[in-house]
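The values are calculated or read from the model by the stated rules, or taken from the named source; none is laboratory data. Predicted model only: the values in this text are computed from it and were never measured. Here the Cβ positions follow ideal geometry from the backbone for every residue, glycine too, while neighbour counts run over all protein chains shown.
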Amino acid sequence: MGRVSGRACIVTGAAQGIGRAIGEALLDEGADVCFADINADKVAAVADANRERAAENGGKVIWAAVDVTKREQVRAMIDKAVAAFGRLDVKFNNAGVNKPMNFLDVTEDNWRFIMDINGLGCMIGMQEAARQMIAQGTGGKIVNTASIASRQGFDNVAPYCASKFAVVSLTQSGARDLAKHDITVTGFAPGVVATEMWEEVDRDLMAIGAAERPGQAMEEFSADILKGRVARPDDITGTTTFLASRDSDYMTGQIVMIDGGMTLV
């Protein structure tokens, strides 16, 4: 019996990177998982690749295409998961983007693009998941993806930092409001993780002149990691599975740092 056996979960931003790893770790522990992403073809392939894993551990796997900034799409995703699994127990609001720009060059379009997905998308995801959990009358768990950038500002990614500060605030606000419905709201804050998103950020930083060569940005960001290396997605999933499990039932309103010791708060 796995730690989340029988729990019905949704993970957004699950076509790659941390989101995919979260979903696969949940499957390993017996959960039913809906992998959701704006990239329909890619997330469908991820779900197909995990059907045997799900069967081996007694769970189910489905996928959903979703733009997390569109409330009707978020509702449709939740309805699809409930139709397949019978309920919703855990919702991971993990979808996120970054597009580095030097501070003085940040545009309104850059700000809105990042804040809409990382901030508004998180809020809509929390609201719609909570509505489903309240209707069920059985409580539930909402888990949000923050970042080391939710604890301090960085000059080339100001809108991203602001959006992740917003995730922390939304986590605290949601925890206060939803406790009466037996819904916990928590989050986790990764540091430098070797994923496709970091590879893209690396290219973007070179394009704006903030880095001179491939890999430089990751090296510089990770120079102060006490663990001495960047994270892999599977360094994150022990904590995310814990946050989805009954072991964290008395935790709410908290953000867990998983950054190898980059940020000591």
Quiz item: In the stretch 129-144, which residue that is aliphatic (A, V, I, L, M) and surrounded by fewer than 24 Cβ atoms within 10 Å (Cβ to Cβ) is farthest from P233 (Cα to Cα)?
Solution: A135
Practice problem: Report yes if some residue within the stretch 92-114 is of a type in the set (D, E) and within 29 Å of G139 (Cα to Cα); otherwise report no. | Solution: no
Practice problem: Could you tell me whether the stretch 182-194 includes any residue that is hydroxyl-bearing (S, T, Y), modelled with pLDDT under 90 and within 23 Å of F165 (Cβ to Cβ)? | Solution: no
Practice problem: Return the residue satisfying two criteria in turn: it lies in the stretch 247-265 and is closer than 18 Å to K164 by Cβ and touching a Phe, Trp or Tyr at 6+ places or on another chain (Cβ under 6 Å), and of such residues it is surrounded by the most Cβ atoms within 10 Å (Cβ to Cβ). | Solution: I258
Quiz item: All but one of (1) within 18 Å of the chain's Cα centre (by Cα); (2) over 30 Å from Y250 (Cα atoms); (3) at pLDDT below 95 hold for P100; which doesn't?
Solution: (1)
Quiz item: Counting only residues that are at negative phi and exposed (fewer than 15 other Cβ atoms within 10 Å of the Cβ), how many does the stretch 77-96 have?
Solution: 3
Quiz item: Out of the stretch 123-180, which residues are free of Cβ contacts under 8 Å to residues at least 12 places away in the same chain and of a type in the set (A, V, I, L, M)?
Solution: A135
Quiz item: From the residues in the stretch 10-55 that are assigned to a loop (DSSP other than H, G, I, E, B) and at positive phi, which one is surrounded by the fewest Cβ atoms within 10 Å (Cβ to Cβ)?
Solution: G30
Exercise. Sort out which residues of the stretch 134-157 are more than 19 Å from the chain's Cα centre (by Cα) and at pLDDT 95 or above, and write them in order of number.
Key: I134, A135, Q136, G137, G139
